């Protein structure tokens, strides 16, 4: 299951104004079971890239291929996790997780069983019948992860999923995400604006240039996991990536 | 808080009795002692001079309002959903809706008689007009308030267009639609009284109080008004309790 992004370009047309180029000739290949993060200066089109891969937006030119087939609309082999407001407030936790199975037509008993398994995976078994408003931000994102996993996608697309959380919760969820990733062997394409987060999580970091976004650099991280944020190796990579982004922001 | 809430009604009742005694004219202000027996015998026709008991008339009015109200809901909810989803259709219809909306339902009475003649259809039409706009506008609002992320999540999880409608847009906008139904029913209930004043009507609470006026029975008029008010409160309470049971999540989206 390889994800290949070829010559991707996207411009947004606004009436009476010149079109804004968000992405230009972007090339990227994501391998099986790989954890790839996308970083870049703000407004560089990170989220646009992810949305095109998810099939939520169409590219102006270029292609996204999944195992040789072009992606032009959302497909259940990929699941997206949004930053916030993604749970359905009228559904309890279990029924939120079962949503994907429900639209697929799974019988109620079966989808409850599967949903309960994924609920267990994100350690929220005791909250099956709670409603989203009763959960903390971190818990809600764990439910969102469980809901995405429940449709058994090969690829998880994550759009700043921990961006709205406080630092402690964020670190905890990063740890949990890695554990889930190692257990389920998913491929993860992860958009973030936090260098620290990207270095902590990723096999590779893709640094985009300022708008229009194209791949400026790809940084492979060989540090063994779990990574120690205070180690010199970690700090060095973080420094290096930070410099890349600053250069990118300056347009060098 | 509690004692203060019932203080004014008690004062009003006492003031009423005092005023009734002073005026001493049951046609202008009947004493409570002549109104209570009417209310205490809701199944009796003794006080209503052959125009049916309070309960019978209330049932007829409720039946009429229900028919007009359901017709309004059946038209306004689907139209509101489509208008909420389509900016194009909104642009197309908005000005017309805004033109028709401020016309009071009662202003439609003459046209209604011309179009539907005397009878049930005319009354249902007036009630329809009263309930239609609050339901329509709230439905549009509810659908517009659906978060884009909710829809995108559904499509990435494999939902088809129809499933997005039935599993996201409808449940997500239902609380607001419900508010529209509650407000719409309130207005419909006000309209039914006036609709029953149209010529040719022979039953209903609206008819009853006008009929009682012709016989100088102010106590029956007041009893009828009390019944109209109580039914209005009860139905509003019903809507509200369903709202707090089903839509407890409202305003708590995160």
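The values are calculated or read from the model by the stated rules, or taken from the named source; none is laboratory data. This is a predicted model, so every value here is computed, not measured. When we count neighbours, we look across all protein chains shown, and the Cβ atoms used for this are built from the backbone with ideal geometry, even at glycine.
A few remarks follow.
- Residue check for residue B:140: at pLDDT 95 or above and within 14 Å of chain A (Cβ to nearest Cβ): no
- Within the range A:5-43, tally of residues that are surrounded by 15 or more Cβ atoms within 10 Å (Cβ to Cβ) and either over 24 Å from residue A:70 (Cα atoms) or not assigned by TED's automatic domain parsing to the domain that holds residue A:177 (or both): 3
- Total residues in the range A:41-62 satisfying the condition of being in a loop (DSSP other than H, G, I, E, B) and either at negative phi or within 14 Å of another protein chain (Cβ to nearest Cβ) (or both): the figure is 9.
- In the range A:110-127, the count of residues that are within 11 Å of chain B (Cβ to nearest Cβ), in contact (Cβ under 8 Å) with a residue 12 or more places away in the chain and under 26 Å from residue A:56 (Cα atoms) is zero.
- Elements of the type helices (runs of 4 or more DSSP H) sitting completely within the range B:128-211 and holding at least 1 residues that are under 22 Å from the mean Cα position of the chain (by Cα): these cover B:170-195.
- Residues that are assigned to a strand (DSSP E or B) and without any contact (Cβ under 8 Å) to a residue 60 or more places away in the chain within the range A:67-82 comprise A:69, A:70, listed in sequence order.
- Counting only residues that are crowded, with 19+ Cβ neighbours inside 10 Å and either within 29 Å of residue A:130 (Cα to Cα) or within 17 Å of the chain's Cα centre (by Cα) (or both), the range A:57-70 holds 2 of them.
- Against the test of being touching a helix residue (DSSP H, G or I) at 6+ places or on another chain (Cβ under 6 Å) and at pLDDT below 95, the options A:157, A:223 yield a single qualifying residue, A:223.
- All positions within the range A:111-137 that are assigned to a helix (DSSP H, G or I) and either under 25 Å from residue A:77 (Cα atoms) or in contact with a strand residue (DSSP E or B) (Cβ under 9 Å, 6 or more places away or on another chain) (or both): A:111, A:112, A:113, A:114, A:115, A:116, A:117, A:118, A:119, A:120, A:121
- Any hit, the range A:132-148, residues being buried (at least 21 other Cβ atoms within 10 Å of the Cβ) and farther than 15 Å from residue A:84 by Cα: no
- Within the range A:83-102, tally of residues that are part of a helix (DSSP H, G or I), out of contact with any strand residue (DSSP E or B) (no Cβ under 8 Å at 6 or more places or on another chain) and either facing chain B (nearest Cβ under 7 Å) or under 13 Å from residue B:148 (Cα atoms) (or both): 1
- Scanning the range B:230-245 for residues that are more than 28 Å from residue B:136 (Cβ to Cβ) and surrounded by 14 or more Cβ atoms within 10 Å (Cβ to Cβ) turns up nothing.
- Residue match in the range B:39-51 (condition: over 30 Å from residue B:181 (Cβ atoms) and part of a helix (DSSP H, G or I)): yes
- The set of residues in the range A:71-82 being crowded, with 18+ Cβ neighbours inside 10 Å and either farther than 15 Å from residue A:149 by Cβ or at the interface with chain B (Cβ under 8 Å from one of its Cβ atoms) (or both) consists of A:71, A:74, A:78, A:79, A:80, A:82.
- Output for the range B:168-206, where each listed residue is without any contact (Cβ under 8 Å) to a residue 24 or more places away in the chain, touching a helix residue (DSSP H, G or I) at 6+ places or on another chain (Cβ under 7 Å) and more than 19 Å from residue B:127 (Cβ to Cβ): B:168
- Residue ranges of helices (runs of 4 or more DSSP H) in the range A:149-252 with at least 3 members without any contact (Cβ under 8 Å) to a residue 60 or more places away in the chain and more than 15 Å from the chain's Cα centre (by Cα): A:167-184, A:232-250
- Which listed residue, of B:26, B:9, is out of contact with any helix residue (DSSP H, G or I) (no Cβ under 8 Å at 6 or more places or on another chain) and either in a helix (DSSP H, G or I) or in contact (Cβ under 8 Å) with a residue 24 or more places away in the chain (or both): B:9
- Boolean, residue B:132 is away from every other protein chain (no Cβ under 14 Å) and modelled with pLDDT of 95 or more: yes
- When residue A:124 is tested against (1) crowded, with 23+ Cβ neighbours inside 10 Å; (2) not assigned by TED's automatic domain parsing to the domain that holds residue A:19, just one condition goes unmet, and that condition is (1).
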